[in-house]
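Written below as structure tokens is the structure these notes are about.
The values are calculated or read from the model by the stated rules, or taken from the named source; none is laboratory data. The structure displayed is predicted, hence computed values, not measured ones. Glycine gets a Cβ as well: all are built from the backbone with ideal geometry, and neighbour counts include every protein chain shown. Accessible surface areas use protein heavy atoms only, side chains included; no ligands, DNA or RNA. Shrake-Rupley method; radii C 1.70, N 1.55, O 1.52, S 1.80 Å.
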Amino acid sequence: MGAKRKLIVLNDLRDGEKRFNELKRSTGASSYTLSRVLDDLEEEGFIENRKEFESPVASYYTLTEKGSALCPVFDALDEWGEDWLA
């Protein structure tokens, strides 16, 4: 998993399905970097990509069961941060 951006994208998708441009804004990643990260996460089975071909063409990303299994880890990190960093 390694890359920081992968964790940021996975964390952003905890709230539900997001379009490519929503993820680009929320992560601050360039289009190239975000595309690579999303391709890697999809290949690794953490996210699914749904494409709509009607105008405007859009790609939607959601967590798979494997990706959703990480949500308790993010929740625990959020709780730790509130306890120790607030």
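Could you report the accessible area of Asp78 in Å², rounded to 10, computed with a 1.4 Å probe on the protein chains as they sit in the structure?
Near enough 70 Å² of accessible area.
In what sequence, largest accessible area first, do Tyr61, Tyr32 appear using a 1.4 Å probe?
Tyr32, Tyr61
Once ligands and nucleic acids are excluded and a 1.4 Å probe is used, how much of Glu79 is accessible, expressed in Å² to the nearest 10?
110
Calculate, for the chain, the solvent-accessible area per residue in square angstrom, rolling a 1.4 angstrom probe over the heavy atoms of the protein chains.
Using a 1.4 Å probe on heavy atoms only, each residue of the chain averages 68 Å².
Say each of Lys66 and Trp84 gets a label point 7 Å from the Cα, pointing the same way as Cα to Cβ; how far apart are those two points in nm?
Result for the modelled spin labels: 2.9 nm.
Specify which labelled value, from [x] 15.4; [y] 13.0; [z] 13.5, agrees with Kirkwood radius over Cα pairs in Å derived from the coordinates of the model shown.
Looking at Kirkwood radius over Cα pairs in Å for this model, the match is [z].
For Val57, put the label point 7 Å out on the Cα→Cβ axis and report which residues of segment 1-28 keep their amide N under 18 Å from it.
19-22
Give me the dipole magnitude in Debye, nearest 20, for the chain about the Cα centre, with unit charges on the beta carbon: positive for Lys and Arg, negative for Asp and Glu.
440
Taking the Cα atoms only, what angle lies between the long axis of helix 31-43 and the longest principal axis of the chain, rounded to 10 degrees?
With rounding to tens, the tilt is 80 degrees.
Can you give the calculated 222 nm mean residue ellipticity of the chain, where each DSSP H run of n ≥ 4 adds -39,500 (n - 2.57) and the sum is split over every residue, rounded to the nearest 500 deg cm²/dmol?
-16000 deg cm²/dmol
If I take every Cα pair under 8 Å that is 6 or more residues apart in the chain, average their sequence separation and divide by the length, what percent do I get for the relative contact order?
Computed over the chain, the figure is 30 percent.
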